[in-house]
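This report concerns only the one structure given below.
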Amino acid sequence: MTSPTQTNVTIAPKTLQQLRQQDAVILVDVREPLEFVGEHIADAYSLPLSRLNPSQLPQAEGKTTVLYCQSSNRSGNALQKLRAAGVEGIIHLEGGLLAWKQAGLPTIKIKNAPISIMRQVQIVAGSLVLTGVLLGTFVAPGFYFLSGFVGAGLLFAGLSGTCMMANLLGKLPYNQIKE
């Protein structure tokens, strides 16, 4: 099997697994450390997109560096950023970790890892909305603004791709991963 060429930007999960078995690739997970700790592909390096520095990218002669994330959005962004910085010989996993798992390929999953930031956001946002509705109904109508504020934040996150609540939750001590 030949290695991916520079003109290819994605690689299918089954093809990547074949290249892994031939020791022809270096895997780099560009998700945040908390996500990486929860589940990742064996032998992958963690280099979050938020801290991506081309000089830190693991490379080896004769090997193709393959980036991946949860669904291939962040790894596509990382690929563009690295190529703009002049880094060559990199591609990303088509469909990300979701496609990898859908193809029945193995991952390393840590059972006692903290829950993902997005699940934490859903729990906090849902709690705040419910609290705002209950307080608005039983205490004072002004509390409905709490639910509206959370809804506006979620709308902004969806439109911009930036979730302020996720950023804040990520700074909490229990979400810090010792590297």
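The values are calculated or read from the model by the stated rules, or taken from the named source; none is laboratory data. Note that this is a predicted model, so its numbers are computed, not measured. Note: ideal-geometry Cβ built from the backbone for every residue, glycine included; neighbour counts use all protein chains shown.
Couple of notes before you dig in:
- For segment 58-88, the candidate set comprises residues that are in contact with a Pro (Cβ under 9 Å, 6 or more places away or on another chain) and assigned to a loop (DSSP other than H, G, I, E, B); within that set, the residue that is surrounded by the most Cβ atoms within 10 Å (Cβ to Cβ) is V87.
- Taken as a whole, the structure places S127 among residues that are surrounded by fewer than 12 Cβ atoms within 10 Å (Cβ to Cβ) and either within 25 Å of L168 (Cβ to Cβ) or within 14 Å of the chain's Cα centre (by Cα) (or both).
- Every listed requirement among (1) in contact (Cβ under 8 Å) with a residue 24 or more places away in the chain; (2) in a helix (DSSP H, G or I) is met by R119 save one, (1).
To keep it simple, each residue is scored yes or no on (1) within 17 Å of the chain's Cα centre (by Cα); (2) within 28 Å of P173 (Cα to Cα); (3) at pLDDT 95 or above.
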{"position": "V28", "(1), (2), (3)": "yes, yes, yes"}
{"position": "V37", "(1), (2), (3)": "yes, yes, no"}
{"position": "A103", "(1), (2), (3)": "no, no, yes"}
{"position": "I108", "(1), (2), (3)": "yes, yes, yes"}
{"position": "K111", "(1), (2), (3)": "no, yes, no"}
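- Only a single item in (1) modelled with pLDDT of 95 or more; (2) not in a helix (DSSP H, G or I) is not met by Q17, and it is number (2).
- Applying the set (1) without any contact (Cβ under 8 Å) to a residue 12 or more places away in the chain; (2) among the charged types (D, E, K, R); (3) in contact with an Asp or Glu (Cβ under 9 Å, 6 or more places away or on another chain) to R83 leaves exactly one unmet item: (3).
- Any chance L49 is modelled with pLDDT under 95, surrounded by fewer than 19 Cβ atoms within 10 Å (Cβ to Cβ), under 25 Å from Y174 (Cα atoms) and hydrophobic (A, V, I, L, M, F, W, C): yes
- Test for P48: is it free of Cβ contacts under 8 Å to residues at least 40 places away in the same chain and either assigned by TED's automatic domain parsing to the domain that holds K81 or among the aromatic types (F, W, Y) (or both): yes
- The residue list L98, L134, L130, L168 contains one member that is closer than 17 Å to Q70 by Cα and free of Cβ contacts under 8 Å to residues at least 60 places away in the same chain, which is L98.
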